[in-house]
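Just passing along the structure, written as structure tokens.
The values are calculated or read from the model by the stated rules, or taken from the named source; none is laboratory data. What you see is a predicted model; the values in this text were computed from it and never measured. Cβ atoms come from the backbone with ideal geometry, glycine included; neighbour counts cover every protein chain shown.
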Amino acid sequence: MNEDQGAEALALLPELILLAGAVGGLLLGLWTPQRRQGRVRAVAVLACLGSAVAAATALPDPAMAVFEGTWTIDTTTGVVRITVALATAVAVLLASASVAGHPRETEAYVLMLLAALGTVALAAAGDLLLLVAAFLLASFPLYALAGFAKDARGTEAALKYYLMGAFSGVLLMLGVTALVLATGTTGYPTLAVALPGAAAPLAAVGVLGVLAGVAFKAGAVPVHFWVPDVTAGTTPAMAAFITTVPKLGAVAAAFRLLAEPFAAASVDASLLVAVLAAASMTLGNLAAFSQTEVLRLLAYSTVSQVGYLFMVVAVAARTELAVPALTIYLAGYAVTNIGAFAAVAAAPAARTISDWTAAVGRRPWLVVSLVVILLGLVGTPPTAVFVGKLAVFSAAWDGAMIWLVVLAAVNTVASLFYYLRWITAGAVGVSAAPPAAGDGAPAGPGPTVGVVQRTALLPTAVLHSAAVASLVLGIGAGLWLAVALPA
């Protein structure tokens with residue numbers, strides 16, 4: 001390996017750490033007794049933290065492309081690297097409550113690391129062939145994780161997820177094939193040069209096919225049908241991972257495509273993504289209105305959030321505000337969405353909104369953190385999603401997508417309805433809770449309740465941490481925007 005190759009390999013240090021964690025964890029699990037598989041969990045968490053540190057210390061300025069331009073390292077890639085690594089570490093810890101002692105505990109952690117690696121590859125891809133490879137790497141581990149429990153709902157969810165993924169993968173490869181036939185190249189920079197003179201039908205098929213594959217990974221309309229079934233068919237920890245981490249890479253991949261090669265295509269890719277954004281936020285909200293099961297409510301909430309994320313994708317080539325808006329919203333969404341699923345895991349007996357009235361009695365701080373998280377998903381100041389939405393709305397306005405900003409504002413207000421239903425159930429539960437011990441109540445919880453509370457300790461800690469992180473990140477990002485973008 002010559003000096004240049006060594007420097008390029010070093011540029012991929014965050015990804016190499018994730019890969020080493022996956023391979024090392026798998027080998028360690030093969031030689032570790034089943035009762036001590038927690039060692040693999042520690043390896044997975046350390047690999048994620050090491051990857052995040054490596055990414056934070058290697059943020060490129062200016063941007064660079066390695067391995068003949070196929071792997072792009074810039075601000076977007078750096079933020080996705082850090083966010084994905086930290087989100088995966090938290091998801092591994094959350095999942096430990098449900099997979100600890102499982103015969104395939106090691107495999108669960110390894111699959112999560114591989115999916116995280118595929119997600120980063122999606123965000124960094126600067127070539128269509130790498131995009132396809134990243135799509136596959138970010139998909140197949142998740143199919144296994146969706147049906148990890150091997151119960152009826154999980155098996156059905158995994159099957160639907162796989163079938164929709166296979167269909168979307170075919171569309172992606174069809175799109176790549178059409179673009180290669182139209183331009184004779186797969187690299188993003190050369191695509192941007194060749195697409196204006198390409199045959200319009202082939203270019204249109206190519207753009208539509210590639211965006212369909214990326215939209216599937218993001219959970220956007222109209223390839224979102226897997227989201228509610230997978231979210232409700234698996235554990236809250238796995239649902240948090242599946243609905244958060246892959247979405248980060250998919251949105252970043254769509255942003256990179258719209259910022260360079262597709263901006264010059266004969267088909268108006270910007271308008272197409274704007275329509276997908278409008279459909280996702282609107283249909284996601286409409287579907288969430290009637291949900292009584294908290295996991296399905298959060299599933300449709302994630303669909304609507306894709307709409308707001310795709311707003312900035314639609315104006316990726318139209319405004320300089322797009323990159324900061326994207327990075328802030330990605331980080332804020334990751335923190336807030338994981339916190340919401342941690343709230344579900346913290347009260348495992350409460351599957352429906354009405355169940356929360358009984359489940360959160362004498363747990364007022366859980367409800368307080370839940371309120372911060374859910375209002376954060378709405379976009380209430382000073383949470384991180386509020387700053388992200390403000391930045392996204394500003395970018396869309398600056399990119400001449402005024403109609404989309406108006407629709408997004410209406411959807412934001414409408415989303416309050418179903419979030420407030422959940423908040424109200426929690427508030428009623430706390431206010432109606434029996435008096436504490438010494439006021440006529442039993443001295444302590446019964447055996448079953450005690451077990452549930454011990455199981456929920458880690459999710460509760462994650463929920464509180466996410467609520468605090470959402471506020472801190474929101475304030476910090478707001479101050480940074482005020483200083484960096486005074487105009």
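Within the range 380-461, considering only helices (runs of 4 or more DSSP H) that don't extend past its boundaries, which have at least 3 residues that are modelled with pLDDT under 90 and under 23 Å from PHE289 (Cβ atoms)?
Ranges flagged: 402-431.
For the range 379-393, enumerate the residues that are surrounded by 20 or more Cβ atoms within 10 Å (Cβ to Cβ) and at negative phi.
Across the range 379-393, the qualifying residues are THR383, ALA384, VAL385, PHE386, VAL387, GLY388, LYS389, ALA391, VAL392, PHE393.
Another question, then. If we scan the range 5-13, do we find a residue that is hydrophobic (A, V, I, L, M, F, W, C), outside any strand (DSSP E or B) and touching a helix residue (DSSP H, G or I) at 6+ places or on another chain (Cβ under 6 Å)?
yes
So, one more: Any residue in the range 99-111 that's more than 17 Å from THR88 (Cα to Cα): show its pairings with residues that are modelled with pLDDT under 85 and of a type in the set (A, V, I, L, M, F, W, C) at Cβ separation under 9 Å, as long as the two are six or more apart or on different chains.
If the second residue must be modelled with pLDDT under 85 and of a type in the set (A, V, I, L, M, F, W, C), the pairs left are HIS102/PHE148; ARG104/PHE148.
Please identify the pairs in which a residue from the range 411-424 that is farther than 22 Å from ASP355 by Cβ has its Cβ atom under 6 Å from the Cβ atom of a residue that is not in a helix (DSSP H, G or I), counting only partners at least 6 apart or on another chain.
THR412/GLY379
Follow-up question, since we're still on this one. Considering only the range 1-54, state which residues are within 19 Å of VAL90 (Cα to Cα) and modelled with pLDDT under 85. It would help to see each step written out before you state the result.
Start the filter on the range 1-54 by keeping residues that are within 19 Å of VAL90 (Cα to Cα), which leaves 14-15, 17-22, 25, 37-54.
Across the range 1-54, the qualifying residues are GLN37, GLY38.
With respect to ALA317, is the statement that it is of a type outside the set (Lys, Arg), surrounded by fewer than 24 Cβ atoms within 10 Å (Cβ to Cβ) and within 20 Å of LEU404 (Cα to Cα) true?
Spelling it out, ALA317 is indeed of a type outside the set (Lys, Arg), surrounded by fewer than 24 Cβ atoms within 10 Å (Cβ to Cβ) and within 20 Å of LEU404 (Cα to Cα).
Given the conditions (1) outside any helix (DSSP H, G or I); (2) β-branched (Val, Ile, Thr); (3) closer than 22 Å to ALA87 by Cα, report the number of the one that THR32 does not fulfil.
Condition (3) is where THR32 drops out.
Name the one entry in VAL120, VAL132 that is surrounded by fewer than 24 Cβ atoms within 10 Å (Cβ to Cβ) and either over 25 Å from VAL176 (Cβ atoms) or at pLDDT 95 or above (or both).
Answer to the selection: VAL132.
Then there is this: Would you check if GLY213 is without any contact (Cβ under 8 Å) to a residue 40 or more places away in the chain and not hydrophobic (A, V, I, L, M, F, W, C)?
Answer is no for this residue.
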